[in-house]
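**Q** Here it is, the structure in full.
The values are calculated or read from the model by the stated rules, or taken from the named source; none is laboratory data. Here the structure is a predicted model, which means the values were calculated and not measured. Cβ atoms come from the backbone with ideal geometry, glycine included; neighbour counts cover every protein chain shown.
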Amino acid sequence: MPFESDADPRGDNQPIFTVTELGQAVKKTVEGAFERVRVRGEISRPSFPASGHVYFRLKDENAVLDAVCFRGMKQKLSMLPEDGLEVIASGRLTTYAGKSSYQIIVDSLEMAGEGALLKLLEERRKTLAAEGLFDAERKRPLPYLPGVVGVITSPTGSVIRDILHRLADRFPRHVLVWPVAVQGEQCAPQVTAAIQGFNALKKDGAVPRPDVLIVARGGGSLEDLWGFNEESVVRAAAASEIPLISAVGHETDTTLIDFAADRRAPTPSAAAEIAVPVKSELVNLVADFERRLIGAATRGLDNRRTHLEGLARGLPDPKRKLEESWQAVDDLSERLGGAVERFLRQRRESADNLGLRLPTPTQKIAQVRERVDNLGERIATAGHRRIERARDRFDGLDAERRLTQTTAQRVRDARQRVDELGRLLEGYSYQATLERGFAVVYADGELATRARDVASGQHLDITFADDTVSAVAGAGPGAGDRPSPPQPADKPAGKPAPSRSQPAKKTGKPRGKPADGGGQGSLL
């Protein structure tokens, strides 16, 4: 209210206001005239001080309007102010007396139009694509049959029900749901936290880590889906180690998370179909593989059996071949037996002939002694020659005597050795055996070693130590049953009875008396 004492001394009735009063009056006037307004303009110079409030300007080509969004209202904004963004700000218009300015207190922000949103979306897409977040090389293949499926969506609504229903119809899997806000200011940070949270789970932890992720939301306007275009969501999807399927909006809706995801699904139900195969189709496919495998194995066995039978027809009958081999073995056995008999007979004849032609041990010893004497003479002669040469070469040395003694000693040693070998040979020779009273009997030119080998009336040649006599075998008991001759009664005691193999004396007369008073008696 103006003060009367402050009236103009010139008598003017116009009231005088203080600065504060004028500011309050202007504020009441502005707020009364513009209770709530919506202002379209481009955001300029946004600032975010530590108090939590947001200060920025709205401008067009001709004017500038200060704007402020207090901390309590900031949490309700669908988007944060960005420099150069054309928006429609809703709020109440007021003045700020401290700066003598007016401003709008914003409680809602929205894009000025779809064209502006699309322009911003395209600029952000180009920026992120330049960093390589949308490259095809970064995308991971989806598992054929995941054990656990992680779903990031709103816990209420038809989206989660459609996904669970499609998974149950195709191939029931274990599903983990991470509830998030799918629109508004909280959408982007919650979706980002959900993707990072699923990736932070341990594979062997209490909560199983999903093998594939589905980020899903139903259809909506561009403003409703704007949370999935935020940079934090796109970067989280690109950095996810778990393969991610994007199913945001309908088929015609496009968000930046679709470019960063490993696979894009047109709808949430389609995302469930992409995540798992159809169980019945998989069972039929396995059954078809089984039938094909069994058929291939059967055909392979049949082909090999046919081939084997064809080869068998070209082979001889094993039984017939075995019978022929048996017959050949029998024939060879018979021939071998005859060959062995002929070989033994030939060797026996050769041995007999060789035995008759061999010199006696005495003759053999004489021959060896003669060679030893000749060798001794040769050694002595050579020794004398060497002694003469040594005497000429080493005059005054007694080499001749020592060499002569050495040579004579060697000759004596050699002669003694020869004599010992001769005595040993005479001791082991069959001639020495004959000297001890034995004889060698030949029946018709064949050596007879058994009584059964001699038949009655057979011509015998009996070789003694000094000569060979002829005789004829007399009649007597059969082979193997011939008794020993009776011991003479008047034989002096202490002398053994003569053996029937003892050779007879060469008298020219038959030994003993004939049994019938005349003729040749038995020598055996």
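**Q** Which residue out of Ala439, Ala443, Ala432 is within 18 Å of Thr362 (Cα to Cα), small (Gly, Ala, Ser) and in contact (Cβ under 8 Å) with a residue 24 or more places away in the chain?
**A** Going through Ala439, Ala443, Ala432 in turn, the sole match is Ala432.
**Q** Which ones in segment 71-108 are within 22 Å of Val26 (Cα to Cα) and of a type in the set (A, V, I, L, M, F, W, C)?
**A** Leu93, Ala97, Ile104, Ile105, Val106
**Q** Can I ask one more? Looking at the structure I just gave you, is Ala130 within 47 Å of the chain's Cα centre (by Cα) and assigned by TED's automatic domain parsing to the domain that holds Pro243?
**A** Working: within 47 Å of the chain's Cα centre (by Cα): yes; assigned by TED's automatic domain parsing to the domain that holds Pro243: no.
The answer is no for Ala130.
**Q** While we're on this one: Name the one entry in Val191, Val182 that is within 30 Å of Gly72 (Cβ to Cβ), touching a Lys or Arg at 6+ places or on another chain (Cβ under 7 Å) and among the aliphatic types (A, V, I, L, M).
**A** Testing whether each residue is within 30 Å of Gly72 (Cβ to Cβ), touching a Lys or Arg at 6+ places or on another chain (Cβ under 7 Å) and among the aliphatic types (A, V, I, L, M) leaves just Val182.
**Q** Can you name every one of the strands (runs of 3 or more DSSP E) wholly within segment 397-473 that holds 1 or more residues which are in contact with a Lys or Arg (Cβ under 6 Å, 6 or more places away or on another chain)? I'd like the intermediate steps shown before the answer.
**A** Values: elements: 440-443, 459-463, 468-472.
Output list reads 468-472.
**Q** Among the listed residues Thr94, Thr153, which satisfies the condition of being touching a helix residue (DSSP H, G or I) at 6+ places or on another chain (Cβ under 6 Å), surrounded by 12 or more Cβ atoms within 10 Å (Cβ to Cβ) and not assigned by TED's automatic domain parsing to the domain that holds Ala261?
**A** After applying the criteria, what remains is Thr94.
**Q** Now for a separate question. Residues being over 12 Å from Leu128 (Cα atoms) and out of contact with any helix residue (DSSP H, G or I) (no Cβ under 7 Å at 6 or more places or on another chain): count how many of those fall in segment 230-262.
**A** 10
**Q** Output the residues belonging to segment 45-75 that are within 15 Å of Thr95 (Cα to Cα) and among the β-branched types (Val, Ile, Thr).
**A** Result: Val64, Val68.
**Q** Assess whether Leu133 counts as being buried (at least 17 other Cβ atoms within 10 Å of the Cβ), of a type outside the set (Val, Ile, Thr), in contact with a Ser or Thr (Cβ under 9 Å, 6 or more places away or on another chain) and part of a loop (DSSP other than H, G, I, E, B).
**A** Here the answer is no, as Leu133 does not meet what is asked.
**Q** On to the next question. Do you know which of the residues in segment 351-381 that are modelled with pLDDT under 75 and among the hydroxyl-bearing types (Ser, Thr, Tyr) is surrounded by the most Cβ atoms within 10 Å (Cβ to Cβ)?
**A** Thr362
**Q** Here's a follow-up. So, in segment 141-174, how many residues would count as being touching a strand residue (DSSP E or B) at 6+ places or on another chain (Cβ under 8 Å) and over 29 Å from Glu231 (Cβ atoms)?
**A** As a first pass, look at segment 141-174 and keep what is touching a strand residue (DSSP E or B) at 6+ places or on another chain (Cβ under 8 Å): 142-143, 146-155, 159-160, 163-164, 167, 173-174.
Within this subset, residues satisfying the condition of being over 29 Å from Glu231 (Cβ atoms) are 147, 164, 167, 173-174.
Number satisfying all stated conditions: 5.
**Q** Report yes if Gln346 is out of contact with any Ser or Thr (no Cβ under 9 Å at 6 or more places or on another chain), modelled with pLDDT of 80 or more and under 30 Å from Phe464 (Cβ atoms), otherwise no. Lay out the reasoning, then the answer.
**A** On the way: out of contact with any Ser or Thr (no Cβ under 9 Å at 6 or more places or on another chain): yes; modelled with pLDDT of 80 or more: yes; under 30 Å from Phe464 (Cβ atoms): yes.
The answer is yes for Gln346.
This table checks each residue for (1) surrounded by fewer than 19 Cβ atoms within 10 Å (Cβ to Cβ); (2) over 30 Å from Glu223 (Cβ atoms); (3) not assigned by TED's automatic domain parsing to the domain that holds Thr156.
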| residue | (1), (2), (3) |
| --- | --- |
| His250 | yes, no, no |
| Asp258 | no, no, no |
| Ala261 | no, no, no |
| Ala265 | no, no, no |
| Ala272 | no, no, no |
| Ala287 | yes, yes, yes |
| Ala296 | yes, yes, yes |
| Leu301 | yes, yes, yes |
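**Q** Ser78 fails exactly one of the following numbered conditions: (1) in a loop (DSSP other than H, G, I, E, B); (2) out of contact with any Gly (no Cβ under 9 Å at 6 or more places or on another chain); (3) closer than 21 Å to Val248 by Cα; (4) modelled with pLDDT under 90. What is the number of that condition?
**A** The one condition Ser78 does not meet is (2).
Results for (1) assigned to a strand (DSSP E or B); (2) among the aromatic types (Phe, Trp, Tyr); (3) touching a residue at least 40 places away in the same chain (Cβ under 8 Å), shown as yes or no for each residue.
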position: Val151; (1), (2), (3): yes, no, yes
position: Thr156; (1), (2), (3): no, no, no
position: Ile160; (1), (2), (3): no, no, yes
position: Val175; (1), (2), (3): yes, no, no
position: Val182; (1), (2), (3): no, no, yes
position: Ala194; (1), (2), (3): no, no, yes
position: Phe198; (1), (2), (3): no, yes, yes
position: Lys203; (1), (2), (3): no, no, no
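**Q** I need a count of the residues in segment 309-336 that are among the aliphatic types (A, V, I, L, M), surrounded by 10 or more Cβ atoms within 10 Å (Cβ to Cβ) and within 49 Å of the chain's Cα centre (by Cα).
**A** 1
**Q** When the residues of segment 196-225 are filtered to those that are under 20 Å from Asp262 (Cα atoms) and over 40 Å from the mean Cα position of the chain (by Cα), which remaining residue is surrounded by the fewest Cβ atoms within 10 Å (Cβ to Cβ)?
**A** By that ranking, first place goes to Gly218.
**Q** Go through (1) loosely packed, with under 13 Cβ neighbours inside 10 Å; (2) of a type in the set (D, E, K, R); (3) in a strand (DSSP E or B) one by one and return the number of the condition Asp107 breaks.
**A** If we test Asp107 against (1) loosely packed, with under 13 Cβ neighbours inside 10 Å; (2) of a type in the set (D, E, K, R); (3) in a strand (DSSP E or B), just (1) comes out false.
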